[in-house]
Amino acid sequence: MTDGYLLSENIIHLLGIEALPEEDKFALLDKMSAVLLTRVMLRLDDYITPENEAELNKLGTDPIASFKYLSEKVPQFADILNEETVALKKEMMEAVGQ
């Protein structure tokens, strides 16, 4: 599978867990999102200045505003996000034997 395919494909489908109850799918997506966010932020640490960090803290927990801000301040943001998304999807697929 190509990285482009993995980026565009729904993780629920990739894992073959469409039959799970909706609440279980949402719980899994929440956990994966938290892992992805942590990984992206760790990689962005080298690019974030103290001023940028202060601005991010002002944005609070709004992921859309934070991602917009980061995409404006870190030119590599989209690449980092895509790389970490693909890596997480591959790890999840390996874990379930897909």
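Side notes on the structure shown:
- The residues of segment 34-65 that are loosely packed, with under 13 Cβ neighbours inside 10 Å, of a type in the set (S, T, N, Q) and not in a loop (DSSP other than H, G, I, E, B), listed by number, are THR38, ASN57.
- The set of residues from segment 7-32 being farther than 17 Å from GLN76 by Cβ, in contact (Cβ under 8 Å) with a residue 60 or more places away in the chain and in a helix (DSSP H, G or I) comprises ILE11, LEU14, LEU15, MET32.
- Matching residues in segment 66-98 - criterion: being aliphatic (A, V, I, L, M) and either crowded, with 17+ Cβ neighbours inside 10 Å or part of a helix (DSSP H, G or I) (or both): LEU70, VAL74, ALA78, ILE80, LEU81, VAL86, ALA87, LEU88, MET92, MET93, ALA95
- When LYS58, LYS68, LYS31, LYS73 are screened for being among the charged types (D, E, K, R) and touching a helix residue (DSSP H, G or I) at 6+ places or on another chain (Cβ under 8 Å), only LYS73 passes.
- The one condition from (1) in contact with a Ser or Thr (Cβ under 7 Å, 6 or more places away or on another chain); (2) at positive phi that GLY60 does not meet is (1).
- A single member of VAL74, VAL86, VAL35 is under 25 Å from GLY4 (Cα atoms), in contact with an Asp or Glu (Cβ under 6 Å, 6 or more places away or on another chain) and touching a residue at least 24 places away in the same chain (Cβ under 8 Å), and it is VAL86.
- Residues in segment 1-23 that are of a type in the set (D, E, K, R) and surrounded by 11 or more Cβ atoms within 10 Å (Cβ to Cβ): ASP3, GLU9.
Read-outs: derived from the displayed coordinates by stated rules, not from any lab. All values reported here derive from a predicted model rather than from experimental measurement. In this analysis, Cβ positions are derived from the backbone assuming ideal geometry, glycine residues included, and neighbour counts consider all displayed protein chains.
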